[in-house]
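What follows is one structure encoded as structure tokens, with my remarks underneath.
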Amino acid sequence: MDADGSEMTAAPSSGGLQLTLELEHPDCWMREVTAATSARLLVNAAYLVDRKVKAHVVAYAESAAAVESLVAATRASDHTYAVTEMDTRRSFGGISAPVNKATRTLLVEYGPEESIHDALVSHGFMNQEPIRIRDGTEYWTVAIDESRATIQEKLDAVCAEKDATITVTQITSATTGSRESEGLAVRQLSDKQREVFELARNRGYYDYPRAVSGSELADELGIAKTTFHEHLRKVEAALLGPRDTDRDGRQ
């Protein structure tokens, strides 16, 4: 959400890059309730009002019971202030919801310090699609008009600021529409980075739903979880490309 209370919705982009991100950060009720239940969340929009975030979210699952469990967990969370159920999705207009699923549309209030959105927006990452949260992981599609080296620096800054883990899973050029995947950067990796990345890919770390956790892979490799994620971050740095240079060849 912006400081003036404007809506946290998608902003058009005329150039630059579109990134698909998987991220995790502490003190997030959305991660908490989706990790504890089989239901999922779709965040259509959020606003900053009187120093509170008010988010329009859709809870959905295969069964009404699973959705009810998520709603109950949301109400019980230490990270939410208030949960109000909307009577109908159409009453609020423009809100996306999955089809052929049990759904509940909610207005949830929580603290801005427990949201990662401000950190992303302040570093130039703008929402392009509704945010999806499942199994304790957030999935974002953002646009940014910066060099690739600068993008990596900004992602690192968000991670440091919010104690977050962010994985870039896809990059799309807004001007050409061309896509790149992690595999294109493998040749730039060290042997250890290649080992970590290939194990993660082969064991389903990037699958939906995720077949294995970072902790499990770190244990298998005999390294700390933080070391595992640091290796993956370097994979992303290779994906994002080398630092730009000026006309004198300086970085």
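Here are the numbers:
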read-out: Subset of the range 19-49 that is more than 25 Å from residue 62 (Cβ to Cβ) and part of a loop (DSSP other than H, G, I, E, B) - its residue that is most open to solvent (accessible area, probe 1.4 Å); value: 27
read-out: Conditions (1) surrounded by fewer than 18 Cβ atoms within 10 Å (Cβ to Cβ); (2) at pLDDT 70 or above; (3) within 22 Å of residue 20 (Cβ to Cβ); number of the one not met by residue 237; value: (1)
read-out: Residue check, residue 57 in the same structural domain as residue 122 (by the TED database), modelled with pLDDT of 90 or more, not in a strand (DSSP E or B) and not hydroxyl-bearing (Ser, Thr, Tyr); value: no
read-out: Pairs where the first residue, in the range 15-34, is of a type in the set (Lys, Arg) and the second is part of a loop (DSSP other than H, G, I, E, B), C-beta under 7 Å, 6+ apart; value: 31/136
read-out: Single residue of the range 58-74 satisfying the filter (in contact (Cβ under 8 Å) with a residue 40 or more places away in the chain and aliphatic (A, V, I, L, M)) that is nearest to residue 131 (Cα to Cα); value: 58
read-out: Hits in the range 193-228 - residues which are open to solvent by 30 Å² or more (accessible area, probe 1.4 Å) and among the hydroxyl-bearing types (Ser, Thr, Tyr); value: 206, 208, 213, 215, 226, 227
read-out: Any hit, the range 10-18, residues being buried (at least 20 other Cβ atoms within 10 Å of the Cβ), assigned to a strand (DSSP E or B), at pLDDT 85 or above and of a type outside the set (D, E, K, R); value: yes
read-out: Considering residues of the range 171-186 that are surrounded by fewer than 15 Cβ atoms within 10 Å (Cβ to Cβ) and in contact with a Lys or Arg (Cβ under 9 Å, 6 or more places away or on another chain) only, the residue modelled with the lowest pLDDT; value: 183
read-out: Residue among 145, 135 that is of a type in the set (Asp, Glu) and under 25 Å from residue 209 (Cα atoms); value: 135
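The values are calculated or read from the model by the stated rules, or taken from the named source; none is laboratory data. Just so it is clear, the structure is predicted and the values come from calculations on it, not from any experiment. Virtual Cβ from ideal backbone geometry, glycine too; neighbours counted across all protein chains shown. SASA here: full protein model, heavy atoms, side chains in, ligands and nucleic acids out. Shrake-Rupley method; radii C 1.70, N 1.55, O 1.52, S 1.80 Å.
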